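The values are calculated or read from the model by the stated rules, or taken from the named source; none is laboratory data. Values in this document were obtained by computation on a predicted structure and should not be read as measured data. Because the Cβ atoms are built from the backbone with ideal geometry, glycine has one as well, and the counts that use them run over all protein chains shown.
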C-alpha cells in the first residue's frame, strides 16, 4: 500500500508540474495582469519559463510532499489517501465541502468588497483559471496541509503526549496551517492595494483574507486528517472552481 500511496503522490505532483508548465507557457500574461503589473521583456521564450517552473515544482514540492507523507505516517494519519478502499470519500465528500467553501467565498467577497479597500478579488481568465485551480489545489495542500500541518502536529503531539493529547495536537496544527495558508495570500492583497506593508492594509481586508482562506484551510485540514492529501486537495480544488472558474466567468 505504501507503493500505491507514493505512486498516487507522484501522479498528483506530475499534474501540478504540468499545470505550472501550461500556465507559465501560455497564460503568464493573465497572471501578471491580475497582480497589477506590466509584463517585463522576456529574455527567453515562454516555454523555457514553463519548463523551469515545472522543474521547481517537481523538486521543491516533491521534497515537501515526501516530508509531509513521513509526518503523516508518524502520526498515524492516512497520508496521501485513506486505505479503506472507499474512493467516494476521496471524491464526493471533498467535492461537497469544496462547493460549500466556494459559495461562502463568493458571499464573503461580496460582503467585504465595499469595505476592504480594494473591492472584489480578481480572477484568472478562462481557461487559465482551471490550471490555476489545479495548481493551488495540489501545490498549496502539499505545502500547508502536508508539510506545515504535519510538522506542527508532530511537534505538538510530542509535547502533549504525556497528556494523551493527540486530538488537541492535530486540531491545533490544523489551525496553525490554516492561518499560515491565509497569510500566504497577503502578498496578492498588497499588490492589489498598493500598500507598502501589512501594517498599511485595511483591517477589514485582513479579516477577509484570514477568515475566508482560513475556513477553506480548516475544512481541507479536516478532510486531510480523515482521508488524506487527495481529499484535502479535492476540497481546495472544487472551492477554487466555484470561486475562480465559475464565479470568475460572471464577475
Looking at 185, 236, 244 in this structure, which one is within 18 Å of the chain's Cα centre (by Cα), surrounded by fewer than 19 Cβ atoms within 10 Å (Cβ to Cβ) and closer than 28 Å to residue 12 by Cβ? 185
Only one of 149, 160, 144 is within 17 Å of residue 239 (Cα to Cα) and surrounded by 16 or more Cβ atoms within 10 Å (Cβ to Cβ). Can you tell me which? 144
Starting from the range 154-176, take each residue that is on the phi > 0 side of the Ramachandran plot and without any contact (Cβ under 8 Å) to a residue 60 or more places away in the chain and list its partners that are surrounded by fewer than 11 Cβ atoms within 10 Å (Cβ to Cβ) and not in a helix (DSSP H, G or I), counting only C-beta distances under 9 angstrom and pairs at least six apart or across chains. none
Residue count, the range 127-141, condition assigned to a loop (DSSP other than H, G, I, E, B) and closer than 20 Å to residue 210 by Cα, comes to 0
Any residue in the range 119-141 that's on the phi > 0 side of the Ramachandran plot: show its pairings with residues that are in a loop (DSSP other than H, G, I, E, B) and modelled with pLDDT under 95 at Cβ separation under 9 Å, as long as the two are six or more apart or on different chains. 119/113
Where the second residue is surrounded by fewer than 15 Cβ atoms within 10 Å (Cβ to Cβ) and the first is on the phi > 0 side of the Ramachandran plot and lies in the range 8-30, which pairs have Cβ atoms under 6 Å and are six or more apart or on separate chains? none
